[in-house]
Amino acid sequence: MDANASPEIRANTWKRQEGDFAARIEAADLKGLFKRGIIVEMGTNAMLVDGGANRGMLPPGTHNLDSLDKRLFDWLETGVGSQVTALLVDVTPTDLEFAAGGIFSKDPLRIGARIRLQAQVEDPARFLVNLLGGRERLTRLDLEGYLYPEVNQVLETWVAQHTVKELAEDLSLRAQLELTLEEAL
């Protein structure tokens with residue numbers, strides 16, 4: 001998926017494509033001449049941006065982003081209509097998968113690892129400003145790519161402290177790796 005491709009909007013609702021994680025929706029892209037509303041579904045939070053300024057978070061529900069009287073007022077006051085945008089992000093737990101190969105154990109032997117992490121956005125506003133930025137959409141694969149270097153570094157450092165035999169036989173090491181990853185991320 002192209003990060004600059006517009007997100008799909010049906011019935012003024014963000015219809016996520018498989019793998020979508022966050023999206024930018026312009027009020028001008030929504031249906032309605034007098035009022036342009038957006039429906040924020042459960043499990044999604046939205047940040048309202050008006051003329052580049054953060055106007056706050058929108059919880060799930062129906063919200064009016066733009067009205068004809070506001071557009072006319074903006075045009076009369078400034079000669080330019082303001083641009084109203086909703087930045088949406090999935091706030092439900094999301095599985096992210098990472099694969100790493102050629103990692104040296106303490107022995108030193110090369111091993112490979114597959115890791116599945118569950119991520120959940122705790123601060124949607126900060127996430128949207130810092131990660132979505134100017135993109136039209138952010139996919140789960142984009143998020144995995146962003147986190148991969150950090151996950152890989154933690155994994156390399158952690159695996160280097162253990163022998164292959166320890167990794168294969170000591171089941172408590174899994175919980176230790178989970179805690180190490182959680183602390184690092």
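The values are calculated or read from the model by the stated rules, or taken from the named source; none is laboratory data. This one's a predicted model, so the numbers in the text were calculated from it and none came from an experiment. Here Cβ is always computed from backbone atoms with ideal geometry, including for glycine, and neighbour counts include all displayed protein chains. What goes into the accessible areas is simple: the full protein's heavy atoms, side chains included, and nothing from ligands, DNA or RNA. Shrake-Rupley method; radii C 1.70, N 1.55, O 1.52, S 1.80 Å.
Could you check the spin-label model distance between Gln153 and Leu131? Points 7 Å from the Cα along Cα→Cβ, value in nm.
Spacing of the two 7 Å Cα→Cβ label points: 1.7 nm.
Which FRET efficiency value, to the nearest 0.05, do you get for Met57 and Lys15 by plugging their Cβ-Cβ distance into 1/(1 + (r/R0)^6) with R0 = 30 Å? Could you put the intermediate results ahead of the total?
Details: r = 21 Å, r/R0 = 0.71.
The calculated FRET efficiency here is 0.90.
Can you check what the net charge comes to around Ile111, using other residues whose Cβ is under 13 Å from the Cβ of Ile111 (Lys, Arg +1; Asp, Glu -1)? The partial results should precede the final answer.
Details: positive: Lys106, Arg110, Arg114, Lys165; negative: Asp107, Glu156, Glu166.
Neighbourhood net charge equals +1.
With every protein chain kept in the model, how would you rank Lys165, Lys15 by accessible area, 1.4 Å probe, largest at the top?
Working: Lys165 130, Lys15 60 Å².
Highest to lowest solvent-accessible surface, that is Lys165, Lys15.
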